[in-house]
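The next block holds one structure in the form of structure tokens; read it before the comments.
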Amino acid sequence: MEIALLGYGNMGQRIQVLAEKENHSVPVILDIENNISGSGMTRPVFEHIDVAIDFSHPAAVQTHIQKLLELGIPAVIGTTGWLEEPAAVSKLCKQYEGRLLYGSNFSLGVQLFIKLVARAGELFGKSALFDAALHEVHHTRKADAPSGTAKTLAGVWLEAAGSSKKPVFQVPEKQEINKNDFLMTSQRLGSVYGEHQLRINSLYDDIMITHQARSRDAFAAGSLKAASWLVRQEPGFYMIEDVIEEVLRV
């Protein structure tokens, strides 16, 4: 594949390295210096590009999506903290007959971890004996909090548990915790690649389910698998879960 990278931070650099190891080419790299407000995304630049992978900044994603759909370039979006109206994105894909795939986390291990959290929700979440909360840790350069993965995990737990609780970020400092809230907390520390922990507690038990990323390569490799998958699909708005169903057969 001929790949365009949008965003050339640590993730973009690892994607380039792994892509070239897999005999893909990365002829286009656009970052803040050469793509202000999408100015670098022109038809001549993208003439031979098969797919774009975006790990840029939440504030830039909507502009990037609009440009890529106009250019007819399939896009894998790994940037989090921007997706508020999935229906609007789906409508754009339909309007331009474009292909777009979004994932809050491209690690295949994390996707299986999400399924594990769903199963835990079925087993523990339906009982009043158990309470649960979610904590995540990332590096100090991460632009959003809580992480997109944390939001996904919270939604998966609550749905599996059949709970009417509302996901709430952070613990109130000077008031009693609302029993109708599902609490999410975040920590930003050094160069932590990503850690998510679901903690389930009762009077008699303390159960912790944790995923720790060992490097950025898990996310980079997953985004490349997603890109290879997307270029073979019909126009539409896809999620990483669609890729996982085919790649891992789960």
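Each of LYS142, LYS174, LYS126 has its accessible area taken with a 1.4 Å probe; listed largest first, they run LYS174, LYS126, LYS142. If you take all other residues with their beta carbon under 14 Å from the beta carbon of GLU195, and give Lys and Arg +1 and Asp and Glu -1, the sum is +4.
Along region 156-168 the Karplus relation, 6.51 cos²θ - 1.76 cosθ + 1.60 evaluated at θ = phi - 60°, assigns HN-Hα couplings of 5, 4, 5, 5, 5, 7, x, 8, 9, 4, 10, x, 10 Hz to successive residues, with x for each Gly and Pro. When the chain is treated as a Gaussian network with alpha carbon springs shorter than 10 Å, the biggest mean-square fluctuation among GLY121, GLY190, GLY72 belongs to GLY190. In this structure HIS139 has an accessible area near 30 Å², from a 1.4 Å probe over the protein heavy atoms.
Rounded to the nearest 20 debye, the dipole magnitude of the chain is 280 debye, with +1 charges on Lys and Arg beta carbons, -1 on Asp and Glu beta carbons, and the Cα centre as origin.
Taking only protein heavy atoms and a 1.4 Å probe, the accessible area of region 14-92 is 51% carbon and sulfur. Alpha carbon centre of region 188-240 versus region 114-174: separation in Å? Using only Cα atoms to place each centre, the spacing works out to 14 Å.
Using Cα pairs closer than 8 Å and at least 6 residues apart in sequence, work out the relative contact order for the chain, in percent.
That works out to 23 percent.
Among DSSP beta bridges whose residues both lie in the chain, state the antiparallel percentage, nearest 5.
35 percent
Dividing the alpha-carbon radius of gyration of region 107-201 by the rule-of-thumb value 2.2 N^0.38 Å gives 1.08. Computed with a 1.4 Å probe over protein heavy atoms only, the accessible surface of the chain comes to 52 Å² per residue. What is the distance in Å between the Cα centroid of region 19-69 and that of region 75-90? For region 19-69 versus region 75-90, the Cα centre distance is 16 Å. Near TYR238, the amide H atoms lying under 5 Å from its own belong to LEU100, LEU101, TYR102; only residues 5 or more places off or on other chains count, and H is placed 1.01 Å from N.
Three principal axis extents of the chain based on alpha-carbon atoms, in descending order, are 63, 36, 33 Å. For the chain, modelled as a GNM whose springs connect Cα atoms under 10 angstrom apart, the maximal fluctuation among LEU129, LEU101, LEU153 occurs at LEU129.
I need to check one value: relative contact order of region 118-238, counting alpha carbon pairs closer than 8 Å and at least 6 residues apart, in percent.
Numbers: 177 pairs, mean separation 36.0, N = 121.
Over region 118-238, the number comes to 30 percent.
For the chain, the mean residue ellipticity at 222 nm estimated from helices alone is -11500 deg cm²/dmol, where every DSSP H run of n ≥ 4 contributes -39500 (n - 2.57) and the total is divided by all residues, rounded to the nearest 500.
With a 1.4 Å probe rolled over the protein heavy atoms of all chains, the accessible area of LYS115, LYS166 falls in the order LYS166, LYS115, largest first. Comparing LEU18, LEU68, LEU198 in a Gaussian network model of the chain (Cα springs below 10 Å), the most mobile by mean-square fluctuation is LEU18. Figure note: ARG216, ARG232, ARG188 ranked by solvent-accessible area, largest first, 1.4 Å probe, ligands and nucleic acids not counted: ARG232, ARG188, ARG216.
The values are calculated or read from the model by the stated rules, or taken from the named source; none is laboratory data. None of the values given here were measured: they were computed from a predicted structure. As a convention, Cβ positions derive from the backbone with ideal geometry for all residues, glycine included, and neighbour counts pool all protein chains shown. Heavy atoms of the whole protein, side chains included, go into the accessibility calculation; ligands, DNA and RNA do not. Shrake-Rupley method; radii C 1.70, N 1.55, O 1.52, S 1.80 Å.
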